[in-house]
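Undergrad: Mind having a look at this structure? Questions to follow.
The values are calculated or read from the model by the stated rules, or taken from the named source; none is laboratory data. Values in this document were obtained by computation on a predicted structure and should not be read as measured data. All accessible areas refer to the heavy atoms of the entire protein, side chains included, with ligands and DNA or RNA removed. Shrake-Rupley method; radii C 1.70, N 1.55, O 1.52, S 1.80 Å.
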Amino acid sequence: MATSVSRSVERHRPHAVTTLGCDLGITQFLDLGCGLPSGWDKKRQCHDPALTYEAAHGAHENARVV
């Protein structure tokens, strides 16, 4: 049960960052680092799920993540 909940939360983070960046124009994000690290997808050559930094820069080139 806990594993499926944590996966759900991990997948929500990049979606939420992208939505906030694209729809609301937010360009500054604070990543508290309270989640588990993302894995590297060798086929797609990216993190799965995306890191906060990657999702923010996907929405805005000038986005800042602390």
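Undergrad: Return one whole number: the accessible area per residue of the chain in Å², for a 1.4 Å probe.
TA: 78 Å²
Undergrad: Can you check how the C-alpha radius of gyration of the chain compares to 2.2 N^0.38 Å, as a plain ratio?
TA: Cα-based Rg divided by the globular estimate yields 1.12.
Undergrad: Roughly how many percent of the accessible protein surface of the range 23-66 is carbon and sulfur, given a 1.4 Å probe and a whole-percent answer?
TA: 54 percent
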